[in-house]
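Asks: Take a look at the following structure, please.
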Amino acid sequence: MIFIDACNRKETPYTPIWLMRQAGRYLSEYREVRAKVGNFLDLCKNVELATEVTLQPIDILDCDAAILFSDILVIPLEMGLELDFIKNEGPKFQQYIRNNDDLKLLQPMAHKRLDYVYDTISLTRSKLNKEKALIGFCGAPWTLATYMIEGQGSKTYTNSKKMLHTNPKLLHSILERLSDELKMYLELQIKAGVNAVMIFDSWAGALEKNSYFEFGFNYINNIAKYIKSKYPHIPIIAFPKGVGGFLNAFNMIEKNFDVFGIDWGIDIQYAKHTLGEKFVLQGNLEPCRIYDFNAMEQGVDEIVKIMGKKSGHIFNLGHGMLPDLPRENAIKLVQMIKNKTKR
Ligand code: CP3
């Protein structure tokens, strides 16, 4: 699998490419399947339909990896927090964790209630072309904790950061509970058949450097260490979004994962210089460039010029596909990368 080879810094015939949120509303095929079920979570829980939408971008875009169709929030959901996806508003929890007493809301063994995820993985792997990798994923403890504390998405993360400063012990106990679940969750995804795993820390950029290492990244590294010790052949991708201001600090850490996801706000030249020896880099085209073919090609050329045709790079966006991006350009993007990076 060329994606897995690239994660291991082996030579590949071209730079592999997949797109974050490659299964989604910008595809009419996705919208058709989505319309068959009541809400987004019903789609995540429907093994046949979740498999179908996981495979759609492979058929339509011909990218090198499929990513399991699910959501990071199924973990807090199965820990006992009721979740709704409200149209045009995003995810909302009916309960949230703001004090020590609220911890009682959380039920143990969430990873045992996620058979719909593991079944989707097995079915997808059985249908997926052998040359294409299947990526499993989870949210990082910090990002999941922000949803559990705020109860929804946030621009300021006030409640989460208030807890960090006024009751850090409580925040650590939430993060530890999450880490324990996530280790088992990723392990069961691997047993079900994923070829690599990715940890999304979408709201890493909300924290200062030292706080991020204490409350965010340490937990990712710890989960990665556990997975690496048991499954050394499974590549691990970490994606801490918004940490460009202290990228050099990641050079000091113990290395427990293989690939570092670079968001679109980071200068990829700087990322290559700072982290490119230690980690394979994944990223980082600004997704909105896909609105315009020329803007897209210009962004691609800059990245390819810097990252070159040698190993050490996996092409991706710097964050997820947006619902109204033109699919024709997404299709052209994948072909463009394969052509322009051919060895
Ligand atoms: O194609 C893929 O990348 C795989 C599927 C995937 C989804 N969510 C599907 C989804 C993955 C990997 C995620 C991760 C996820 N979910 C993250 C981390 C990555 C990132 O974007 O930073 C986060 C923060 C979430 C939480 C979440 N889920 C939000 C904020 C929303 C609402 C935003 C929106 O686009 O509506 C979701 C819903 C969601 N997750 C959708 C999809 C396809 C849209 C649901 C729909 O079809 O109505």
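Asks: Over segment 1-88, what percent of the accessible surface lies on carbon and sulfur atoms, probe 1.4 Å?
Replies: That share works out to 44 percent.
Asks: Then there is this: Could you pull out the pairs from K255/K342; K87/K162; K127/K225; K130/K338; K305/K332 whose alpha carbons sit more than 21 Å apart here?
Replies: K255/K342; K87/K162; K127/K225
Asks: Related question: Tell me, what is the 1.4 Å probe accessible area of Y14, in Å² to the nearest 10?
Replies: Here the residue's solvent-accessible area equals roughly 40 Å².
Asks: Next question. List every residue whose amide H lies under 5 Å from the amide H of F137, counting only residues 5 or more places away in sequence or on a different chain, with H placed 1.01 Å from N in the peptide plane.
Replies: M198
Asks: Here is a follow-up. Looking only at I331, I237, I199, which one moves most when the chain is put into a Gaussian network model with springs between Cα atoms under 10 Å?
Replies: I331
Asks: Continuing with this model, one more query. Please compute the Kirkwood hydrodynamic radius over segment 192-343, one decimal place, Å, based on all pairs of different Cα atoms.
Replies: Final number for the Kirkwood radius of segment 192-343 is 16.3 Å.
Asks: Would you calculate a helix-derived [θ] at 222 nm for the chain, using -39,500 (n - 2.57) for each DSSP H run of n ≥ 4 and dividing by the full residue count, to the nearest 500?
Replies: -13000 deg cm²/dmol
Asks: If I compute solvent accessible area with a 1.4 Å probe over the protein chains, what percent of it on segment 201-343 is carbon and sulfur?
Replies: Percent of accessible area from carbon and sulfur atoms in segment 201-343: 50.
Asks: Restricting to Cα pairs below 8 Å that are 6+ residues apart, what does the relative contact order work out to for the chain? Please round to a whole percent.
Replies: 23 percent
Asks: Given +1 on the Cβ of Lys and Arg, -1 on the Cβ of Asp and Glu, and no further charges, what dipole in debye does segment 2-340 carry about its Cα centre, rounded to the nearest 20?
Replies: Value, rounded to 20: 500 debye.
Asks: Students often forget the sequence filter, so: which lysines lie under 17 Å Cα-Cα from K104 once same-chain residues fewer than 8 apart are removed?
Replies: K169
Asks: Counting other Cβ atoms within 10 Å of each Cβ, which GluC sites (Glu not before Pro) in segment 193-273 have at most 16 and sit in a DSSP loop?
Replies: Of the GluC sites (Glu not before Pro), the ones in loops of segment 193-273 whose Cβ has at most 16 other Cβ atoms within 10 Å are E208, E254.
Asks: State, to one decimal in nm, how far the label point of K130 lies from the label point of S28, with both points 7 Å from Cα in the Cβ direction.
Replies: 3.5 nm
Asks: Next question, about the same structure. Summing +1 for each Lys or Arg and -1 for each Asp or Glu, what net charge is found among the other residues whose Cβ lies under 11 Å from the Cβ of F40?
Replies: +1
Asks: For the chain, compute the orientation-averaged projected area of the C-alpha convex hull (one quarter of its surface), in nm².
Replies: Projected over every direction and averaged, the Cα hull of the chain covers 15.4 nm².
Asks: How big is D for segment 116-179, in µm² s⁻¹ as a whole number, if Stokes-Einstein is applied with the Kirkwood radius of its Cα pairs at 37 °C and 0.692 mPa s?
Replies: For the chosen part, D equals 233 µm²/s.
Asks: Between E82 and K209, what length comes free when the chain is fully extended (0.36 nm per residue of separation minus the Cα-Cα distance, one decimal in nm)?
Replies: 42.5 nm
Asks: For E176 and T158, compute 0.36 nm times the residue count separating them, minus their Cα-Cα distance, and round to one decimal in nm.
Replies: 4.4 nm
Asks: OK, next. Take the Cα atoms of segment 241-285, find their three principal axes, and give me the spread along each one in whole Å, biggest first.
Replies: Principal extents (largest minus smallest coordinate, Cα): 26, 18, 18 Å.
Asks: Taking N as the number of residues in segment 41-90, what value does Rg over Cα atoms divided by 2.2 N^0.38 Å take?
Replies: After normalising by residue count via 2.2 N^0.38 Å, the value is 1.34.
Asks: If you don't mind, there's one more thing I want to ask. Just the number please: accessible area per residue for segment 2-340, 1.4 Å probe, all protein chains included, in Å².
Replies: Here the residues of segment 2-340 average 41 Å² of exposed surface.
Asks: Here is a follow-up. For Q282, what residues show an amide H to amide H distance below 5 Å, using hydrogens built from the backbone and excluding near sequence neighbours?
Replies: Sorted by chain and number, the residues that satisfy this are F260, G261, I262, I314.
Asks: Relative to a virtual label point 7 Å from the Cα of S122 in the Cα→beta-carbon direction, which members of segment 162-202 show backbone nitrogen distances below 14 Å?
Replies: Zone members listed by number: 188-194.
Asks: Among the aspartates and glutamates, select those whose C-alpha is under 18 Å from the C-alpha of K209, and discard any that sit fewer than 8 residues away in the same chain.
Replies: By straight Cα distance, K209 reaches D201, E254, D263.
The values are calculated or read from the model by the stated rules, or taken from the named source; none is laboratory data. Everything numeric in this text was worked out from a predicted model, so none of it was measured. Every residue, glycine as well, gets a Cβ built from its backbone with ideal geometry; the counts of neighbours run over all protein chains shown. These accessible areas exclude ligands, DNA and RNA; they are computed on the full protein's heavy atoms, side chains included. Shrake-Rupley method; radii C 1.70, N 1.55, O 1.52, S 1.80 Å.
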